[in-house]
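Asker: Pasting in a structure now, in C-alpha cells, and then I'll have a few things to ask.
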Amino acid sequence: MAETTQNTDNNITTGGSGHLQVRLVTPDRVLLDATADAVELPAVGGYLEALYGAAPLLAELGAGEVRLHGGTSNEKKFFVAWGFVEVLPDRITILAETAIIPSEIDKAEAQEEINAGQKMWQEAGDNALQYDQANDLTRQGEEKLASAEGRSL
C-alpha cells in the first residue's frame with residue numbers, strides 16, 4: 001500500500017510502488033485483483049484513464065472495456081456494464097453489475113441485445129424512458145460484441 005505524505009509546499013504526494021492496485025468485483029465474484037500502471041474505464045460520460053497518484057474520483061460505469069496496462073495485469077481486458085468505479089491515488093475498485101472476459105462473451109447473445117434494443121427504440125413512441133433504455137441495451141450489445149471481436153468502438 002502506498003504511503004501518503006505532505007511536503008513543505010503543502011502538496012500531497014504518494015510514495016510506494018508506482019503501481020495501482022486494481023480490483024474488479026461483480027455481485028458473484030472477485031474477477032481481478034492485480035496491479036497496473038494505467039487503467040482505462042468506460043464511464044457513463046465517456047472513457048477515462050487512471051494513473052498512479054491520480055486525484056480521488058467516483059464515477060458511474062457505462063458499458064465497455066476495462067483495459068489494464070503494465071504491472072501484473074498482463075494487459076488484461078474485461079467487458080463491463082453498469083456499476084461504479086472508485087479511483088484513489090494508489091488503487092482502483094471497480095464494482096460492476098456485469099464483467100466478462102472477452103473470450104467468454106457469447107456473440108449471438110450480444111447480437112440479440114443489439115436487435116432487442118433496436119426493436120425497443122422503434123416501439124418507444126413518445127416514451128423518453130424507453131428510448132433511454134433502448135439506447136443503453138443497444139450500446140451494451142455493441143460494446144460486448146466489439147470486445148468479443150477484439151476491436152474498440
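Asker: Between LYS119 and GLU97, what's the calculated FRET efficiency when r is the beta-carbon distance and R0 is 25 Å? Round to 0.05.
Answerer: Calculated value: 0.65.
Asker: Moving on. Hey, what number do you get for the chain at 222 nm if only DSSP H runs of n ≥ 4 count, each worth -39500 (n - 2.57), divided across all residues, to the nearest 500?
Answerer: Dividing the helical sum by the residues of the chain leaves -8000 deg cm²/dmol.
Asker: I've got another one for you. Can you give the net charge of the other residues whose Cβ lies under 14 Å from the Cβ of GLN130, counting K and R as +1 and D and E as -1?
Answerer: My count for the surroundings of GLN130 gives -3.
Asker: What does the net charge come to around MET120 if you take all other residues with beta carbon closer than 11 Å to its beta carbon, with K and R at +1 and D and E at -1?
Answerer: It works out to a net charge of -3.
Asker: Follow-up question, since we're still on this one. Only loop residues by DSSP count here, and only those with at most 12 other Cβ atoms within 10 Å; note down the GluC sites (Glu not before Pro) in segment 60-89 that meet that.
Answerer: GLU75
Asker: Efficiency by 1/(1 + (r/R0)^6): what FRET value for TYR47 and ASN127, r their Cβ-Cβ distance, R0 = 22 Å, to the nearest 0.05?
Answerer: The formula returns an efficiency of 0.15 here.
Asker: Then there is this: Using alpha-carbon pairs under 8 Å, 6+ residues apart, how would you state the relative contact order of segment 105-148 in percent?
Answerer: 55 percent
FYI, it's all coordinate maths here, none of it is from the lab. Keep in mind that this is a model prediction, so the values were computed, not measured. Backbone-built Cβ (ideal geometry, glycine too); neighbour counts: all protein chains shown.
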